[in-house]
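The values are calculated or read from the model by the stated rules, or taken from the named source; none is laboratory data. Here the structure is a predicted model, which is why all the values come from computation and not from measurement. FYI the Cβ positions are ideal-geometry reconstructions off the backbone, even for glycines, and counts take in every protein chain you see. Calculation scope for accessible area: heavy atoms of the full protein, side chains included, ligands and nucleic acids excluded. Shrake-Rupley method; radii C 1.70, N 1.55, O 1.52, S 1.80 Å.
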2 protein chains.
Amino acid sequence: MVSDVQPVSAKTPVTLREVAALAGVSVATASKALNGQGRMTAETRERIRETAQRLGFRPNSLAQSLLRRRSFTVGLLTNDTYGRFSLPVMSGISDALVDKGVSVFLCNVEDDQRLGQLHVDAMLDKRVDGIIATGKRIDRHLPVDLSNLGIPVIYAFTEPDPGAIAFVSDDAGGARLAVEHFCRLGRRRIAHVSGPASFAVVHARAQAYRDVLTEKGLPVMEPLLGSWSEAWGHEAVKTLFDGKLSKRGGEKPDAVFCGNDQIARGVIDALRERGLGVPDDVGVIGFDNWQIVAEATRPPLTSVDMNLAALGREAGLTLLSLVGGEPAEPGIRKLPCRLVVRQSCGRPPGG
Amino acid sequence: MVSDVQPVSAKTPVTLREVAALAGVSVATASKALNGQGRMTAETRERIRETAQRLGFRPNSLAQSLLRRRSFTVGLLTNDTYGRFSLPVMSGISDALVDKGVSVFLCNVEDDQRLGQLHVDAMLDKRVDGIIATGKRIDRHLPVDLSNLGIPVIYAFTEPDPGAIAFVSDDAGGARLAVEHFCRLGRRRIAHVSGPASFAVVHARAQAYRDVLTEKGLPVMEPLLGSWSEAWGHEAVKTLFDGKLSKRGGEKPDAVFCGNDQIARGVIDALRERGLGVPDDVGVIGFDNWQIVAEATRPPLTSVDMNLAALGREAGLTLLSLVGGEPAEPGIRKLPCRLVVRQSCGRPPGG
DNA sequence: GCGATTTGGGAAAAGGTTTTCTCAAGAGAG
DNA sequence: CTCTCTTGAGAAAACCTTTTCCCAAATCGC
């Protein structure tokens, strides 16, 4: 009947009262002992600690939260559970928060207003300390109203309310990275094939594309806008290389900067089908750095990565500082992209 | 100074005490009024309800949970936040639970034991009512020990502890669906190209493939095992159609059942490159029904769908019934797959 | 009109923790 | 030897809600 039981994850959780009773002190003393507060003999403190350890005591977060008016919980709202954009973001948020003891409620609202309200209400009931909203498009609102909730809200990779704080990728910067890389490699006729004109990022990237070429004194070809699909990549190659549309002296492009990796894949396949070599005849760069696509193209695709996990981390940490009462400037913060170089661009002429 | 303020989401949440004070009753009466309990005049009840409404009162879940010893919260453990398998599962779980007022903690443990323990501890501290474990492989354990936690645990699309309840896809059944579909269409020489032998599902599907062909009296070709990549699909086509390995009279396959959609994509591309038509010369079926891949192949790919969202729903509902104290048989429950027919198989001979 | 029952509503405990206040005993100063 | 100060630890309030008991007033039966 000795008490050498291992720390027992009991059927019913151990309370502080039980620890105190077994250690022969009051709950107040027990609490102080375990939190390093109050004054007592080292021996008493140690005895209480030991007892708690032996019983496998874990303070009840619910009770703590009630008292502290802080739940150490945040809500993560998304309309993109299937997608590949919000996932890295979510992962980054979660990683940033778990270390601070903060848990994340995952709320998938699809594009359903009712579902959105349901989740927001649930989060408010559960007394989350703050909310992060993330989506599949940087220029679309989630179907929920997050203004005036009485708790901090951060937007990540989605359209924010006015006066809020948002983290988004620097699409123009990312596009510059790609086009400047082509220039450095000596490419002279750089085309741009992108997604639908209804996306804000399409314009941001296209403008950056024009800017860089103008700065370098290279010819600007009007960007080709279509859809985000491989099929559009195929079609665009037809348009670009069948000559009717290449105005300046019939010269064909020697580089294509694509709006996403799927378009890039279509472009690469179409080029190969018409006997053009990548990267020797034409260089190709994609956007999103969707690993599973970028590594399946032949050759593997150089692509712009939006650093979404980092974006999520940043959003999580900022929310935490807001929750902690620190002030922060409202506004949209653009985080830099990075270029992941694989083999679809070739080496510099002298390299 | 009239009280026509809209329901105010106050800086500091409204408590029941404030509602009671404003309605001129005790908190006990207020509580009963709002919960439809106790006895009081209809007029009193209505007055309290109105006051609560006007103040935007929301009962504090933390306090309720403390009292009820139930948090209406579950933990979702996964090691596959980026992947496409656990995402539909997670989405299904979340959907099933939100309607019951249960929120979901998202915990990404990667493959890190320390992170796993951290998350499990956090969940236990937050007094989750139960835990669902999900992963990226049906035959691998999460890096955490979930036995003896004192709360119900359900496994979904991951290897369970002995004696636990798990939901997995019926891979053998899914493979049968595919092969039988080929048979119905009159295909006679059906090959199977799959992933690495280290995956349990590879064997389950291969065995079902053999079984069906044997039942139908068709020739069984030894399954080709490789990796889950497009590149392997290309390579396998070489092996299958270069003749050295097709033993019976040099006949080439007229159908290929692939272990996943990426392999199928590689197979389709490779077939086209050697001048074989899909579906006219060779039919192809994939596995996973990864929409973005299946719809990008030319022609669009017929594929086996594991119904992962439904699997998640089922897991969520079962966990809830467990939490509610209802008994349930331990064991592994296999949920049926379904075949999503697109255009890579062709029509039946007489169709 | 008197006792028994119903009605409307309140007091208090419970849930588990933290924190402030209080208090007794012992130690040091003079 | 008395007075003050420190030390060690407990009592109680607070966080917010639910629920059980309880009580006073009103109603009913006769």
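Just checking the listed ones, A:220, A:19, A:293: in the Gaussian network model of chain A with Cα springs under 10 Å, the one fluctuating most is A:19.
Charges at C-beta only: +1 for Lys and Arg, -1 for Asp and Glu. How large is the resulting dipole of the protein assembly as shown about its Cα centre, in Debye rounded to 20?
Value, rounded to 20: 420 debye.
Atom-type composition of the exposed protein surface of the protein assembly as shown places 52 percent of the accessible area on carbon and sulfur (1.4 angstrom probe). Would you work out if region B:171-306 is rounded, prolate or oblate? Take a ≥ b ≥ c from the square roots of the eigenvalues of the alpha-carbon gyration tensor; rounded if a/c is under 1.5, else prolate when a/b is larger than b/c, oblate otherwise. It is rounded, given that a/c, with a ≥ b ≥ c, falls under 1.5.
On alpha-carbon atoms, Rg over Rh for the protein assembly as shown using Kirkwood Rh?
We get a ratio of 1.04 for the protein assembly as shown.
The mean sequence separation of alpha-carbon pairs under 8 Å and at least six residues apart, normalised by the residue count of chain B, gives a relative contact order of 17 percent.
Rolling a 1.4 Å probe over the protein heavy atoms gives region A:171-306 an accessible area of 38 Å² per residue. Of B:239, B:134, B:158, the residue with the greatest mean-square motion in the GNM of chain B, using alpha carbon springs below 10 Å, is B:239. Spin-label model, residue B:27/residue B:15: points 7 Å from Cα along the beta carbon direction are separated by 0.6 nm.
Computed from phi, the 3J(HN,Hα) profile of region B:63-80 under the Karplus parametrisation 6.51, -1.76, 1.60 (θ = phi - 60°) reads 5, 4, 4, 4, 6, 7, 6, 8, 9, 6, 8, 10, x, 10, 9, 8, 10, 9 Hz, with x in place of Gly and Pro. With both residues required to sit in the protein assembly as shown, DSSP beta bridges show an antiparallel share near 10%. Calculated FRET efficiency, residue B:242 to residue A:197, Cβ-Cβ distance, R0 = 45 Å: about 0.45 to the nearest 0.05.
Ascending distances from the residue A:340 label point to its copies in the other chains, with the point 7 Å along the Cα-to-beta-carbon line: 2.4 nm.
The heavy atoms of residue B:222 present about 110 square angstrom of accessible area, all protein chains included, probe 1.4 Å. In region A:43-70, the residues that give up 40 Å² or more of accessible area when the other protein chains are added, compared with the chain on its own (1.4 Å probe), are A:58, A:60, A:61, A:62, A:66. Between this copy and the others, label points of residue B:197 are 5.8 nm apart in ascending order, each placed 7 angstrom from Cα in the Cβ direction. When the square roots of the Cα gyration tensor eigenvalues are ordered a ≥ b ≥ c, the ratio a/c for region B:85-154 is 1.5 or more and a/b does not exceed b/c, which makes its shape oblate. In this structure, residue B:317 and residue A:46 have a Cβ-Cβ separation that, at R0 = 56 Å, corresponds to a calculated FRET efficiency of about 0.75.
Helix content alone sets the calculated 222 nm mean residue ellipticity of the protein assembly as shown: runs of n ≥ 4 DSSP H residues at -39500 (n - 2.57) each, divided across all residues, give -12500 deg cm²/dmol. Rounded, prolate or oblate: which fits region A:184-239, taking a ≥ b ≥ c as square roots of the Cα gyration tensor eigenvalues, rounded meaning a/c under 1.5, else prolate when a/b beats b/c? Oblate, because a/c is 1.5 or more while a/b does not exceed b/c.
P(r) tail for chain A: Cα pairs beyond 25 Å make up 62% of the total. In a reduced charge model with +1 at each Lys and Arg Cβ and -1 at each Asp and Glu Cβ, region A:1-127 shows a dipole moment near 680 debye about its Cα centre. Selection among B:206, B:144, B:165 by position relative to the dipole of chain B gives B:165 as farthest towards the positive end (Cβ unit charges, Cα centre).
Nearest to the axis that brings chain B onto chain A is this chain B residue, judged by its Cβ, with the distance in whole Å: B:106, 2. In order along region B:256-273, the phi-based Karplus estimate (6.51 cos²θ - 1.76 cosθ + 1.60, θ = phi - 60°) of 3J(HN,Hα) comes to 10, 9, 9, x, 7, 6, 5, 4, 4, 4, x, 4, 4, 4, 5, 4, 4, 5 Hz; Gly and Pro are listed as x. Placing unit charges on the Cβ atoms of the charged side chains and taking the dipole of chain B about its Cα centre, the candidate lying farthest along the positive direction among B:309, B:34, B:263 is B:34. The label-point distance for residue A:147 and residue A:207, in a model that sets each label 7 Å from Cα toward Cβ, rounds to 2.4 nm. When +1 charges are put on Lys and Arg Cβ atoms and -1 charges on Asp and Glu Cβ atoms, the dipole computed for region A:7-53 relative to its Cα centre reaches about 120 debye.
For residue A:111, the label point sits 7 Å beyond Cα toward Cβ; its separations from the matching points on the remaining copies run 3.7 nm, from shortest to longest.
Computed from the C-beta positions of residue A:273 and residue A:69 and an R0 of 51 Å, the FRET efficiency is 0.20 to the nearest 0.05.
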